[in-house]
1. What list do you get for 277, 65 if you sort them by fewest beta carbons within 10 Å?
2. In which sequence would 136, 152, 249 go, from the one with the fewest C-beta neighbours within 10 Å to the one with the most?
3. Within a 10 angstrom radius of the beta carbon, how do 57, 236 rank from fewest other beta carbons to most?
């Protein structure tokens, strides 16, 4: 949910209003009403959606390019039905948006208040079992294979997955929200435009840091893992896990202009205990 994405959504929104017959000026008027009522930054809406003044400005410029109409729709039965439907939907809070966890959820599911931090609605989880099994098992993904201790669980699919020890994954009430506290997750990052191999990892890291406020990362370094060249970086979020902190070790492999990345996650105090296991998992990764 970057500022550029928000601007794109605004501009598409006024176009949809106009095409549907509604007055597109309703959108900047809404921004103006919010700012007049609450001022800068004091309302929840302004926390989630900053700079209403700037938004009104570029939306007004977009509207000026539309062919004026003398009559606009003000209400319809369809609008009333839609209003009733969305009135019961869950609206993400600023903390939920900042967590980035919403990206892996279905619409209207409550997400964590931090990157891997439980909120007040989250059920208590059993203490994680950090003992390492003497036997390991293999998991074959869409373009990779990985080995993890045989008491770890695999969640997700062959493209995007997470692997965690017992107690390493926390689920919110009703079991709808999954957060990784201990373990490793993997996915593929496809940059929005063609970039050089050196730039792709930097773009991934920038997006991760933008989506996770409070995350501080070191300098990426070149390494070799599982016989393949890779880029590694270690990050920390001191405010995660109710102040315990979270340590994230991200390793990315170039894959045809994209990056298959693996993020090894643990609370800051437990990361040294987990790191030897993480290193063995990393060494086991191979690509098809």
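1. Working: 277 23, 65 7.
The fewest-first ordering by Cβ neighbours comes to 65, 277.
2. Details: 136 17, 152 23, 249 20.
The order, fewest Cβ neighbours first, is 136, 249, 152.
3. So the ranking, lowest neighbour count to highest, is 57, 236.
Since every read-out is calculated from the coordinates, none of them should be taken as a lab result. In this text the structure is predicted, and so the values were computed from the model without any measurement. Neighbour counts are summed over all protein chains in view; Cβ atoms, including those assigned to glycine, are modelled from backbone coordinates with ideal geometry.
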